[in-house]
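Below is one structure; the comments refer to it alone.
None of the figures in this text is laboratory data; all of them are computed from the coordinates on show. Quick caveat: nothing in here was measured; it's all calculated off a predicted structure. For neighbour counting, all protein chains shown are included, and Cβ atoms are generated from backbone atoms with ideal geometry for every residue, glycine included.
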Amino acid sequence: MKKSAFTLIELLVVIAIIAVLISVLLPALSAARETANLAYCMSNLGTLSKTAAMYMDDEGKRTQPWYAVPFGQYGINVVSEYTFGGFQHATPNPEYPNSDTRLVPTKRRPYNKYIAPGIDGQQVVRTYVCPSDKTWYTPLVGEQPDPSVPAPDAYSSWQVNGNSFAINWYWLQGPPWNGEESWYGDLGSMSSCGEDMLARKVGGEAAKFVLFAEGSMNYFMYDARPRSGLYGESIIQSLGPGWHRKWSSYAVGFLDGHSEFRYIDTRFSDDTGFDIWPTIYY
């Protein structure tokens, strides 16, 4: 008896159908994966924002840690906005070999007593990791960032900085820096204004004050200014891509403890529903 079999044409048709199905399903699977990544990221930001409240209660004042250790300790000569928590990273950073993210011990970072008690060494703390983290680059104190859009790097922020999330360093306590007075005009240095400014962020103000942001937003927000045009000297202002596949949309954590994923115009430091500057001062 003669056995039936697929012809070459039939096999090609089946392969073509499978290819079409894959091309249709892959974007949906990718979108579903990104939705899960965003949920994870938002959960971590919510944890950090709630930890901020605990930190302020324990410290008895309206401030947040900018420096985990005195400047210069451990041979640090580059200060970032990541060592409020996070962990010592294992990935070398040839551009900033003496950054605090490289040298500050994990156990000395203030938030870790709440988030990872007893942690030490280079163990990854997942609370500080966004699964969609794509870019390690971050501006440093007094540095003007490259106006070009940072492309995804070989490493993510959590791999290089030990943290995907940057704390809003504009109004935090820390030692004064030469030149900061000219940068902030009449406001003076960050260290002289931070606590007083955060103390005014209550109620609705706290609900829109960005305290934490994914690293990509932190990069583009560096040269933001109020829409009034005051207290901003840079002409670099720019929009850029976030980590979660929507242009200029970022995951952020607010001073009142909640987190959001939303469009943020990073050319400006204040807008409907968010600000990174204290509006009481302008």
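A few points about this structure:
- Relative to the 2.2 N^0.38 Å rule of thumb, the range 56-139 has a C-alpha radius of gyration ratio of 1.10.
- Peptides 112-121, 244-253, 206-215 ranked from most to least packed, by the mean per-residue count of other Cβ atoms within 10 Å: 206-215, 244-253, 112-121.
- Ranked list, fewest to most other Cβ atoms within 10 Å of each Cβ, for TYR111, TYR155: TYR155, TYR111
- A cut-off of 5 Å between modelled amide H atoms, ignoring neighbours fewer than 5 places along the same chain, links PHE268 with ARG225.
- Net length gained if the chain between ARG245 and ASP196 were fully extended (0.36 nm per residue, minus Cα distance): 14.0 nm
- Distance between the 7 Å Cα→Cβ label points at THR7 and ARG108: 7.7 nm.
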